[in-house]
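The next block holds one structure in the form of structure tokens; read it before the comments.
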Amino acid sequence: TRKESSAASDVYKRQVDAVPIVEAEAMDEDELVEVPIPRTVGVLLNNESGAFTDPGMRAAAAGAVDSAPVAEGVYEGRADAVEGLYGPVSDWAEERARPEGAEPEDPDGETITLATYDDRPELPEAASAVAEDLRSAGFEVEVTVQDFATMETDLMEGAYDAVIGTRSYLVETNDPVNYLASDWSCEGSYNLARFCEEDIDTMIAEAAGHTEPEERHEAAVEIEEAVLATDSFVPLVAERARVGVAEGVEGVAQ
């Protein structure tokens, strides 16, 4: 009815989604609903061209980046530590092995481009922190920040050596295998790391054939280990949803 529609509209006016970190700090506890979500922020290293085609250089970058200052400084403690592709909200990924990759090489002043987008205000700050870590390790780092729409083509074509991005790994289906196929297969539609390993493609195809959720989750954890062993993804944080609510608003579904 018109009355119900008006009431719903009034509630929406008193509820704000995706509250920025800087605004969250100024809000009272009862004005903010925070919920862990299956979305991770990380550094994706270009496997197709540039310095990070070398596994040793990827290992050097992965070893240099410290995620703690990003979580505590950039996100001001309003994000969770993450060990890989999947965040702590996914209890099926709790039992995971720590993969061993290649031996790190000396960057020796190698120049790399680190890119991110400013649609999410925390990402440029995270890029600054990561860039300093990489410089301390011996890389020369050029940072590029644009809005996503402007740089999308370059991101998809692998124009940068490293990209800091945020990605939901349970898109629409609540199943990680679709995410792995789109982001970590040779023909993936959102493969920002320009990643292509035939063995991992085979693992993803086999995972897609499983019909039981538990089997798919187990396969997804095995694939994560294989991806992380290449040092192509450097995890930073797992994000939380932040919803601001006005006084009198109740029943915001978490």
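The values are calculated or read from the model by the stated rules, or taken from the named source; none is laboratory data. What you see is a predicted model; the values in this text were computed from it and never measured. Glycine gets a Cβ as well: all are built from the backbone with ideal geometry, and neighbour counts include every protein chain shown. Just the protein is used for accessible areas: all its heavy atoms, side chains included, with ligands, DNA and RNA removed. Shrake-Rupley method; radii C 1.70, N 1.55, O 1.52, S 1.80 Å.
Before moving on, here are some points about what is shown:
- Complete set of residues in the range 13-64 that are open to solvent by less than 30 Å² (accessible area, probe 1.4 Å), at pLDDT 95 or above and in a helix (DSSP H, G or I): A51, F52, G56, M57, R58, A59, A60, A61, A62, A64
- Options A137, A149; residue that is in contact (Cβ under 8 Å) with a residue 40 or more places away in the chain, farther than 27 Å from V89 by Cβ and open to solvent by 10 Å² or more (accessible area, probe 1.4 Å): A137
- The sole residue among E125, E95 that is open to solvent by 70 Å² or more (accessible area, probe 1.4 Å) and not in a loop (DSSP other than H, G, I, E, B) is E125.
- Condition met for L180 (farther than 30 Å from V22 by Cα, in contact with a helix residue (DSSP H, G or I) (Cβ under 8 Å, 6 or more places away or on another chain) and at pLDDT 95 or above): yes
- Check on G84, open to solvent by less than 60 Å² (accessible area, probe 1.4 Å) and either in contact (Cβ under 8 Å) with a residue 12 or more places away in the chain or out of contact with any strand residue (DSSP E or B) (no Cβ under 9 Å at 6 or more places or on another chain) (or both): yes
- Residue that is most open to solvent (accessible area, probe 1.4 Å), among those in the range 156-167 that are in contact with a Phe, Trp or Tyr (Cβ under 8 Å, 6 or more places away or on another chain) and closer than 12 Å to T116 by Cα: D161
- Residue list for the range 229-254, filter: in contact (Cβ under 8 Å) with a residue 12 or more places away in the chain, at positive phi and exposed (fewer than 14 other Cβ atoms within 10 Å of the Cβ): G248
- Within the range 68-81, not a single residue is under 25 Å from M156 (Cα atoms), open to solvent by 10 Å² or more (accessible area, probe 1.4 Å), among the acidic types (D, E) and assigned to a loop (DSSP other than H, G, I, E, B).
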